[in-house]
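The values are calculated or read from the model by the stated rules, or taken from the named source; none is laboratory data. Since the model is a prediction, treat every value here as computed from it, not as a measurement. Cβ: placed from backbone, ideal geometry, glycine included. Neighbour counts: every protein chain shown. Quick note on the areas: whole protein, heavy atoms, side chains included, nothing else; ligands and nucleic acids left out. Shrake-Rupley method; radii C 1.70, N 1.55, O 1.52, S 1.80 Å.
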Amino acid sequence: MSMFTGTYTAIVTPFKDGKIDEPALERLVKTQIKEGVDGIVPVGTTGESPTLDFGEHTRVIELAVKYAGGKIKVLAGTGGNATAEAIYLTKAAEDAGADGSLQVAPYYNKPTQEGLFQHFHAIARSTKLPIVLYSVPGRCGVEIAVETVNRLAHDSMNVVGIKEAGGSADRVSQLRAALGPKFTILSGDDSLTLPFMAVGAQGVISVASNVIPREVSHMVRAFAMGKVELALKLHARCFPLFKDLFIESNPIPVKAALAMMGAIKEEYRLPLVPMSAKNRTILKSTLKAVGVLD
């Protein structure tokens, strides 16, 4: 099973006139390759997966695989709050040639830990793809407990990692202690990547690397190679952007930033709406401060 370590960009889904903007997506993926990321995560939260229909969801994964061209890995977001739906999307991702599947905890319906186990177990059994779990209690209302992660990793050979977005370095330590060195732990928050790596995480699934892929990759690689001072310097430089990309609900600010950079058209699907003028001003000045905009 492949280890999904390093920097993975939770790539946005660009829209134009209500449809997926395929040429813009191709440019974004090619930029990610050029700037040195290890992989991309299409159709996660940042890719606005909740507002894509099944056909569009699968199409974005197919395009991501095509544009990545084997140069970087594609970890497809194929989770859902209905197990059958997650299985359907995961099989489609496998058919499309994805390298793995990112499986978010079911949201809104708040399963028990036994329910979470059965959900992920059923998905793991339905596919040969390596699976990275995704615990984000702030969005899902449930946490995938450490013992549930451990049970899944022992029960299903293809459950190989977790994206940890619970905000706690203690939990990263607990996961590392329970699961040993082979299990991959990735930070789910840009601002916590270094603290998490300090206690055993091996990289990040990043929102910021949509905008600053080279800097995020460089920071993660520096820390992994023991160049702690360099990593800290990069973290300090990027930190204001890490924070301001969450000034409103993700992916509103990151899409606004990419639009300011001329990379995509600024278009969302309801219920997401454009940023307030006040926050836009703040984001613009931060992008200038970190050297993204002149």
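Please state which of the following conditions Thr281 fails to meet, knowing it meets all the rest: (1) touching a residue at least 40 places away in the same chain (Cβ under 8 Å); (2) open to solvent by 70 Å² or more (accessible area, probe 1.4 Å); (3) over 21 Å from Thr13 (Cβ atoms).
(1)
Return the pair list, or none, for Cβ contacts closer than 7 Å from residues in the stretch 207-236 that are within 16 Å of Phe196 (Cβ to Cβ) to residues that are open to solvent by 10 Å² or more (accessible area, probe 1.4 Å) and of a type in the set (S, T, N, Q), at least 6 apart or on different chains.
Val207/Asn250
Residue under question is Leu270, and the condition is that it be over 18 Å from the mean Cα position of the chain (by Cα), over 15 Å from Val12 (Cβ atoms) and in contact (Cβ under 8 Å) with a residue 60 or more places away in the chain; does it hold?
Yes.
So which pairs qualify, if the first residue must be in the stretch 66-81 and over 14 Å from Ala10 (Cβ atoms), the second must be assigned to a loop (DSSP other than H, G, I, E, B) and open to solvent by 50 Å² or more (accessible area, probe 1.4 Å), the Cβ gap must be under 8 Å, and the two must be at least 6 apart or on different chains?
Asn81/Tyr107; Asn81/Tyr108; Asn81/Asn109
I need a count of the residues in the stretch 273-285 that are under 24 Å from Lys233 (Cα atoms), within 22 Å of the chain's Cα centre (by Cα) and among the β-branched types (Val, Ile, Thr).
Number satisfying all stated conditions: 0.
Only one residue in Thr7, Thr13 is among the hydroxyl-bearing types (Ser, Thr, Tyr), open to solvent by less than 50 Å² (accessible area, probe 1.4 Å), out of contact with any His (no Cβ under 7 Å at 6 or more places or on another chain) and assigned to a loop (DSSP other than H, G, I, E, B). Which one? Show your work before the answer.
Working: Thr7 fails: assigned to a loop (DSSP other than H, G, I, E, B).
Sole residue among the options that is among the hydroxyl-bearing types (Ser, Thr, Tyr), open to solvent by less than 50 Å² (accessible area, probe 1.4 Å), out of contact with any His (no Cβ under 7 Å at 6 or more places or on another chain) and assigned to a loop (DSSP other than H, G, I, E, B): Thr13.
Just one of the numbered conditions (1) open to solvent by 40 Å² or more (accessible area, probe 1.4 Å); (2) out of contact with any Leu (no Cβ under 8 Å at 6 or more places or on another chain); (3) outside any loop (DSSP other than H, G, I, E, B) is not true of Lys255; which one?
Lys255 satisfies all of (1) open to solvent by 40 Å² or more (accessible area, probe 1.4 Å); (2) out of contact with any Leu (no Cβ under 8 Å at 6 or more places or on another chain); (3) outside any loop (DSSP other than H, G, I, E, B) except (1).
Would you tally the residues in the stretch 131-145 being open to solvent by less than 20 Å² (accessible area, probe 1.4 Å) and assigned to a helix (DSSP H, G or I)?
Qualifying residue count, the stretch 131-145: 1.
For the stretch 77-114, how many residues meet the condition of being among the basic types (Lys, Arg) and either crowded, with 19+ Cβ neighbours inside 10 Å or part of a loop (DSSP other than H, G, I, E, B) (or both)?
Selection size over the stretch 77-114: 1.
Looking at the structure I just gave you, is Glu267 farther than 22 Å from Thr7 by Cα, in contact with a Phe, Trp or Tyr (Cβ under 8 Å, 6 or more places away or on another chain) and either open to solvent by 10 Å² or more (accessible area, probe 1.4 Å) or of a type in the set (Gly, Ala, Ser) (or both)? Step through it out loud before you land on a result.
Details: farther than 22 Å from Thr7 by Cα: yes; in contact with a Phe, Trp or Tyr (Cβ under 8 Å, 6 or more places away or on another chain): yes; either open to solvent by 10 Å² or more (accessible area, probe 1.4 Å) or of a type in the set (Gly, Ala, Ser) (or both): yes.
Yes, satisfied.
Tell me, yes or no, whether the stretch 35-55 has at least one residue that is surrounded by fewer than 18 Cβ atoms within 10 Å (Cβ to Cβ), of a type in the set (S, T, N, Q), touching a residue at least 12 places away in the same chain (Cβ under 8 Å) and within 15 Å of Leu133 (Cα to Cα).
There is no residue in the stretch 35-55 that is surrounded by fewer than 18 Cβ atoms within 10 Å (Cβ to Cβ), of a type in the set (S, T, N, Q), touching a residue at least 12 places away in the same chain (Cβ under 8 Å) and within 15 Å of Leu133 (Cα to Cα).
Any chance you could count how many residues in the stretch 224-262 are over 19 Å from the mean Cα position of the chain (by Cα) and not aliphatic (A, V, I, L, M)?
7
Quick one: in the stretch 115-130, of everything that is open to solvent by 40 Å² or more (accessible area, probe 1.4 Å) and in a helix (DSSP H, G or I), which residue is nearest to Leu25 (Cα to Cα)?
So the residue we want is Arg125.
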